[in-house]
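Below: the structure, in structure tokens.
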Amino acid sequence: MSDIKLIDELDSLKENFIKTIDKLTKDLKRNQKIMDRSDKQQRREYDELQKKFIEVETLKKEIEDTQKEVVFTMGAIGESRSKETGNHVKRVAEYTYLLAKYYGLSEKECEMLKQASPMHDIGKVAIPDAILNKPGRFDADERSIMETHAQLGYDMLKYSNRSLLKMASTVAYEHHEKYNGTGYPNQLAGEEIHIYGRITALADVFDALGSARVYKEAWSDERIFKMFKEERGKHFDPKLIDIFFENLDSFLVIRDSMKDV
Amino acid sequence: MENLIIKATQYTPAIDFNLETNILSITGKSYPENTFEYYKPIIFWIEEYLKNVKDEEILINLDLEYLNSSSLKAYFDMFDMLEEANSEGKHIKIKWIYDEDNDISEETGEDFIEDFKNLNIELVVKS
């Protein structure tokens, strides 16, 4: 009799054991399934992420390139409306980069200034042709209209939230201010004039004086340097004049490599 | 027993369990920080509901565009519960709703159909 009881108990144990094993197997299979599904999902997500990341990078570059192109084109428009010709804005760009670099601005700022400074004369697009193209000297009225190009350039660019265009608006606004406060449009003096304005002022004048125009010969280096020394602390930031002479060779290399043809 | 309404968050779906209509809907994404804690009251509600419900038609709408693995586990457990209730004579219908371009959601629905042969699961493409 006891054997039969034992057999019953064993049968029941066996049944429970099989049930438990079945359940465990089912759970394991399910977990494996969840894991597989999850791995698959993760792989797709990561692929997608990589793809998006590349897309973002491409778009970022596209935006930067577009911005550079817009800025460069605006500079060219400004140039087409000014009496400066040839590689003037390109040389100004390089000079401003060097001055900014030697002045101690960050690489990023130097690079931005190089792109923004060619727009310094953009306001000239709004100056009437009759004045802009006048062959002789300006009378007082004409001169004051001519001088509005700084304000006009600023007004064109000031609403932009783009850092590069903001910088360009400052450059356009302040590149005719003089260190001693006798410039225009706001007679700012010393470091009231933004460093971008002070740098572009020097770069612009250096290039304009050294270039021949229909109405004038190119100045000799001797004459330019003499004038720069005289205008140290008057027209120009003395620190920038010092930097200019300390690194004169680098400026002359740029001038020689980007001559007007 | 009361209806269970939980608003969606960035990480959790919206819950709308209605006792009058017997429609239980879960809509959204599910990747909570603590999945177990999030689903505990929901699973508990369903358990209570299944005890009380008689032979009414029950419709469960699952529109889950994103599930992390522990959420997926929670749904497998939920389906176990539903399958058991079904075998005890409840009338449960499940709609697995997914976006046409969401392959993962579609495949998950297919997994459920494969694993729960005794449940009435219908795949529904969102219009």
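Listed values, structure above:
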item	result
Diffusion constant of chain B at 10 °C, which comes from Stokes-Einstein with the Kirkwood Cα-pair radius and 1.306 mPa s, µm²/s	108
Alpha-carbon Rg with Dmax, taken over the protein assembly as shown, Å	38.9, 134
Shielded by partner chains, the range A:9-31 residues - at least 50 Å² of accessible area, 1.4 Å probe, vs chain alone	A:ARG30
The range A:165-259 - percent relative contact order, Cα under 8 Å, separation 6 or more	23
Solvent-accessible area, 1.4 Å probe, carbon plus sulfur percent, for the range A:34-78	62
222 nm mean residue ellipticity, helices alone, for chain A (DSSP H n ≥ 4; -39,500 (n - 2.57); rounded to 500)	-24000 deg cm²/dmol
Residues in the range A:21-38 reached by a label modelled at B:GLU83 [backbone nitrogen below 18 Å; 7 Å Cα→Cβ]	A:21-37
Alpha carbon Rg of the range B:16-85, scaled by the compact-globule rule 2.2 N^0.38 Å	1.10
Gain on full stretching of the segment that runs from A:LYS40 to A:ARG223 - 0.36 nm per residue minus C-alpha separation	58.4 nm
Under 14 Å, Cβ to Cβ, from B:THR27 - net charge with Lys/Arg +1 and Asp/Glu -1	0
Accessible carbon and sulfur surface of the range A:85-199 relative to its total accessible area, %, 1.4 Å	51
A:HIS120 accessible area, 1.4 Å probe, all protein chains in place, Å² to nearest 10	0
Rel. contact order, % - alpha carbon contacts under 8 angstrom, at least six apart, chain B	21
Fully extended contour minus Cα-Cα distance, from A:GLU69 to A:ALA212, at 0.36 nm per residue	48.7 nm
Per-residue ³J(HN,Hα) for the range B:46-56, Karplus 6.51 cos²θ - 1.76 cosθ + 1.60, θ = phi - 60°, Hz, x for Gly and Pro	5, 4, 4, 4, 5, 5, 8, 5, 9, 10, 5
Drop in accessible area of at least 20 Å² in the complex versus isolated chain, residues of the range B:92-110, 1.4 Å probe	B:ILE104, B:GLU107
Semi-axes of the equivalent ellipsoid for the range A:108-219, Cα gyration tensor, largest first, Å	23, 16, 15
Theoretical gain in end-to-end length, A:ALA140 to A:GLN50 [0.36 nm per residue, Cα-Cα removed]	26.1 nm
Relative contact order [Cα under 8 Å, 6+ residues apart], chain A, whole percent	16
Those residues of the range B:69-84 for which accessible area with every protein chain present is at least 20 Å² below the isolated value (1.4 Å probe)	B:SER69, B:LEU72, B:LYS73, B:PHE76, B:ASP80
Restricting the range B:1-63 to GluC sites (Glu not before Pro) in coil, as DSSP defines it, with at most 11 other Cβ within 10 Å	B:GLU2, B:GLU20, B:GLU33, B:GLU56
Per residue accessible area of the protein assembly as shown, 1.4 Å probe, in Å²	58
Part-to-part distance (alpha-carbon centres) for the range A:8-52 and the range A:128-204, which is given in Å	74
Of the DSSP H helices in chain A, those whose Cα atoms cover at least 20 Å axially and whose Kyte score averages 0.5 or more	A:195-210
Check: the protein assembly as shown dipole with +1 on Lys, Arg Cβ and -1 on Asp, Glu Cβ, in debye	2160
Sites A:TYR159 and B:ILE6, calculated FRET efficiency, Cβ-Cβ separation with R0 41 Å, nearest 0.05	0.30
Label-point separation, B:ASN61 to A:LYS5 (7 Å along Cα→Cβ), nm	6.1
Dipole magnitude of chain B about its Cα centre (Cβ charges: Lys, Arg +1; Asp, Glu -1), debye to nearest 20	400
Area hidden from solvent between A and B (accessible, protein heavy atoms only, 1.4 Å, total, Å²)	1300
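The values are calculated or read from the model by the stated rules, or taken from the named source; none is laboratory data. If you're wondering where the values come from, they're calculated on a predicted model, not measured in any experiment. Positions of Cβ are generated from backbone atoms using ideal geometry, with glycine treated the same way; all protein chains shown enter the neighbour counts. Ligands, DNA and RNA are stripped out before the accessible areas are found, and what is left, the full protein with its side chains, is counted by its heavy atoms. Shrake-Rupley method; radii C 1.70, N 1.55, O 1.52, S 1.80 Å.
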